[in-house]
Every structure is written in structure tokens, then in C-alpha cells.
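Asker: Got a structure for you, questions after.
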Amino acid sequence: MSAAWADRLKSKWGIESNFSFWMIMLTFTLAGSSISQIRPLYWGLLGFTKEHPSMWVKVPTYLLLVFPTYQISLMIFGTLLGQFNFFWKKEKAMLLFFAKPFRKKSVPPTA
């Protein structure tokens, strides 16, 4: 079995150690598993069922509640597994990406 996919990810992410790579993969696994347990709690608290409300309500709710919870859980599990710097760098890049449309564009002075 070839581990070429793992080597490609390590190269892309700038990771040298196999141990760090597997701790990062474990972090993604734990964060995803925790969200699959938390999302039904959110839906229950909000009174969501399969029939009610429509996807037009569920999707924005997911983006506003579940997505940030996933990001926080990545940071928590990443810190516990010794990968804080890796995940913090990714979080900062994501926040800058999402903030880009809201930044003021500098207007060059006219002569």
C-alpha cells in the first residue's frame, strides 16, 4: 500500500514528522466526530425536525452555529494533541479569507 497521499499532504502542509501528520489527522477525526454528536443537540434545542424548518433555515443556522463549533473543536483537539501552531495558522488564514469582502479598499489619491 502506497502512502503517497500522506506524503502529498505532508508536503502541502509543510509537515516533516509522521507523528505530527497522524496527530493532525486524529484531530480532524475527533473534531468531526464531536460535531456529529453536537449538531443533533443544537437541532433539538432549536426544535428542528426532518420536516420543519426548511433547508432555507437549516443551512444558515448550520453556518452560524455548527461551523464555528467545528472550528473551535479543531483548536481544542489540536491543542490537546500538540498541534496548536498548525491549526492556528490555518484558522488565521481562514478568518482573513472570510474577512476579505468586509475590508475597506484603499483608494489611491487622485492627482
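Coordinate-derived values only; no laboratory data. Keep in mind that this is a model prediction, so the values were computed, not measured. Every residue, glycine among them, receives a Cβ derived from its backbone with ideal geometry; neighbour counts consider all protein chains shown.
Asker: Can you tell me which residue among F21, F87 is within 14 Å of the chain's Cα centre (by Cα) and assigned to a helix (DSSP H, G or I)?
Answerer: Just one listed residue meets the conditions, F87.
Asker: Another question, then. Quick one: how many residues across the range 37-53 are surrounded by fewer than 10 Cβ atoms within 10 Å (Cβ to Cβ) and among the hydroxyl-bearing types (S, T, Y)?
Answerer: 1
Asker: Taking the conditions exactly as written (among the β-branched types (V, I, T), in a helix (DSSP H, G or I), under 22 Å from Q83 (Cα atoms) and in contact with a Phe, Trp or Tyr (Cβ under 9 Å, 6 or more places away or on another chain)), does T27 satisfy them or not?
Answerer: yes
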